[in-house]
Amino acid sequence: MVKKTDIALAAASGMFLVLSFPLFDYYALAWGALVPLLIAVRGRTIQTSFFLGLLTGFIYFAGTIYWVYHSMFYYGNVPLVFSILLLIVLSLYLALYPAVFAILFTRIGTGLPALLTAPVLWVSLEYLRTYALTGFPWSLLGYSQYQFLPLIQIADITGVYGVSFLVAAVNGAIYDMAFHWPGQVKEQPLALRWPRTMGGVLLASVMALSLLYGAGKLGEPEGGMKIRVSLIQGNIEQDKKWDPRFQKEVMDTYKRLTAGTLAADPDLILWPESALPFVFGYDQERTEEVRAFQKQTGTYLLLGGIIAKKDSGSDLRLSNSAVLLSPVGEILSVYDKIHLVPYGEYVPLKELFPFVGKMVTAIGDFVQGQETTVMDTPFARIGNLICYEIIFPGLVRKFVYNGATVLATVTNDAWFGRTAAPYQHFSMARFRAVENRVPVVRAANTGISGFIDSRGRVIQESGIFTEGAFTEEVTPGSEKSFYALHGDIFAYACIIISLMLLILRGPAR
């Protein structure tokens, strides 16, 4: 039987995790958020540990991705009851990862320092969540520290997973101290005392070195020639975006805001995801209108739009794309979104579940892109990410590995409404800048638009649901980071250590 105190502890962990992320941003809580759960599962059965981990995870994710119901209810035409039900199902799925963490910690944690077992298990499961079932790496533990700039600089070596590791390791160390220091330590044999003592010393050293490394990186000047970028935030209401009656109004808004930036002489102007209220290249009249306007700007324009493509037959398929236009209106490069949003941009297993297609908006089933296209300009090589692609570290680093010196991300966060999601989404983009040591420029239809330098510092950001145009200078990256070159070696090491620990501990009792 599960004790009430254990339930309270597991629930407390979930609440502390929620409070660590935007909009609350009490990120210091994350450094002890897992401790109540670790205490609750200490010495418990696998079944009890699973339940307690599931409870922590459900509160954790329901509290951070609650905005999912908003998108489905207001824009997906899903009834409120079913929207909430789907949120519950998604939260329960994501909660399986903390539940498995609790089981594994129960199995291998006894007799080993939690400051080692907790972080390697947590990071291994976060990495799995990043890719399993198309992946959903939202609210990774490390993201809670996006404001702790000296610490997150290690992400250029380890990725965000290294930050998650340190946070989970400190949680494990606090747990170790609670149960093994100071009164009990003298009564324990040296074989049990030594690993925890040395582990504590090692963790303190790693934390100190990480902070020193971060301080050094923050103190380094960004070398190289600066470029000037203008971001356009049209603030187009979602129900107007594809209504033919508002096509002219939408286009006039982007033209007006763009014209207002020309006095600043930008090298590049960025329009957000699906800024164009028509199918680019298919609606010839509107397409020529955009190209004619572009000729008047005399600069490069990178815009988000829907493009019609022919499939192997005679049918046309749609892609969610980004298009780079030259100063004379020529199409220089096109990137088709690779990581599509399930049930938002395509319907998986449509043949088995044909009724689910009704959840998707009419503009609906997109064809998947295949290439991490890097767009060449005289002043920078641009890697473009569309919408939530920016939350996938492995995908983003491929653009930089292939030569991108600036990351541009276009998105339409109108789906999220006035929830925590736009703030969470923007905070994750800061990690991509640090990991790859390149600036990130972000144009969002309703915000947050902004400029992030290669250290994760926000140069400027907009509010949400406001119209505006913003111009700033950024410095393209000049050297590839360790992470950009080698990827998730750190996460792989955590997975290998976790598997070794499981093998060494033998079968579960």
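Against the condition of a type outside the set (Asp, Glu), modelled with pLDDT of 95 or more and more than 27 Å from Leu203 (Cα to Cα), how does Leu29 come out, does it pass? The answer is no for Leu29. Take the conditions (1) buried (at least 19 other Cβ atoms within 10 Å of the Cβ); (2) assigned to a helix (DSSP H, G or I); Ala33 misses just one of them, which is (2).
Are any of the residues in region 194-202 part of a helix (DSSP H, G or I), modelled with pLDDT of 90 or more and over 30 Å from Thr471 (Cα atoms)? Within region 194-202 (the criterion being part of a helix (DSSP H, G or I), modelled with pLDDT of 90 or more and over 30 Å from Thr471 (Cα atoms)), the answer is yes, since at least one residue qualifies. Filtered by the rule that a residue be part of a helix (DSSP H, G or I) and either among the β-branched types (Val, Ile, Thr) or assigned by TED's automatic domain parsing to the domain that holds Lys240 (or both), region 74-88 gives Val81, Ile84, Ile88.
Residues in region 384-434 that are closer than 18 Å to Gln460 by Cβ and of a type in the set (Lys, Arg): Arg430, Arg432.
Taking the conditions (1) under 24 Å from Thr405 (Cα atoms); (2) surrounded by 21 or more Cβ atoms within 10 Å (Cβ to Cβ); (3) not hydroxyl-bearing (Ser, Thr, Tyr) in turn, Ala491 satisfies each one other than (1).
The sole residue among Leu23, Leu52, Leu19 that is in contact with an Asp or Glu (Cβ under 9 Å, 6 or more places away or on another chain) and under 30 Å from Arg418 (Cβ atoms) is Leu19. Scanning region 405-434 for residues that are crowded, with 24+ Cβ neighbours inside 10 Å and either in the same structural domain as Ser83 (by TED's automatic domain parsing) or without any contact (Cβ under 8 Å) to a residue 60 or more places away in the chain (or both) yields Leu407, Thr409, Asp413, Pro422, Phe426, Ala429, Arg432, Ala433.
Candidates in region 375-389 are the residues that are in contact with a strand residue (DSSP E or B) (Cβ under 8 Å, 6 or more places away or on another chain) and over 15 Å from Gly304 (Cα atoms); of these, the one that is surrounded by the fewest Cβ atoms within 10 Å (Cβ to Cβ) is Asp376.
Specify which of the listed residues (Arg455, Arg437) is among the charged types (D, E, K, R), touching a Lys or Arg at 6+ places or on another chain (Cβ under 7 Å), surrounded by 20 or more Cβ atoms within 10 Å (Cβ to Cβ) and not assigned by TED's automatic domain parsing to the domain that holds Val160.
Arg455
This table checks each residue for (1) part of a strand (DSSP E or B); (2) assigned by TED's automatic domain parsing to the domain that holds Pro137; (3) at pLDDT 95 or above; (4) more than 25 Å from the chain's Cα centre (by Cα).
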{"site": "Tyr282", "(1), (2), (3), (4)": "no, no, no, yes"}
{"site": "Arg286", "(1), (2), (3), (4)": "no, no, no, yes"}
{"site": "Glu289", "(1), (2), (3), (4)": "no, no, no, yes"}
{"site": "Lys295", "(1), (2), (3), (4)": "no, no, no, yes"}
{"site": "Leu303", "(1), (2), (3), (4)": "yes, no, yes, no"}
{"site": "Ser312", "(1), (2), (3), (4)": "no, no, no, yes"}
{"site": "Leu332", "(1), (2), (3), (4)": "yes, no, yes, yes"}
{"site": "Thr361", "(1), (2), (3), (4)": "no, no, no, no"}
{"site": "Gly364", "(1), (2), (3), (4)": "no, no, no, no"}
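All of (1) under 19 Å from Ile497 (Cα atoms); (2) modelled with pLDDT of 95 or more; (3) surrounded by fewer than 24 Cβ atoms within 10 Å (Cβ to Cβ) hold for Leu116 with one exception: (2).
Can you name the residue in region 223-245 that is within 26 Å of the chain's Cα centre (by Cα) and in a loop (DSSP other than H, G, I, E, B) and is also surrounded by the fewest Cβ atoms within 10 Å (Cβ to Cβ) among such residues? Once the filter is applied, the top-ranked residue is Glu237.
Just one residue in the set Leu151, Leu121, Leu166, Leu133 is at pLDDT 95 or above, of a type outside the set (Phe, Trp, Tyr), out of contact with any Asp or Glu (no Cβ under 7 Å at 6 or more places or on another chain) and under 25 Å from Tyr388 (Cα atoms); that residue is Leu151. In the list Val89, Val81, Val68, Val120, which residue meets the criterion of being under 17 Å from the mean Cα position of the chain (by Cα) and β-branched (Val, Ile, Thr)? Just a single option satisfies the conditions, and that option is Val68.
Just a yes or no: is a residue in region 40-58 polar (S, T, N, Q) and under 28 Å from Gln147 (Cα atoms)? So far as region 40-58 goes, yes, one or more of its residues are polar (S, T, N, Q) and under 28 Å from Gln147 (Cα atoms). For Leu86, the test of being surrounded by fewer than 22 Cβ atoms within 10 Å (Cβ to Cβ), within 26 Å of Gln147 (Cβ to Cβ) and at pLDDT below 95 is failed.
The values are calculated or read from the model by the stated rules, or taken from the named source; none is laboratory data. Predicted, not measured: the structure shown is a model, and the values here were computed from it. Backbone-built Cβ (ideal geometry, glycine too); neighbour counts: all protein chains shown.
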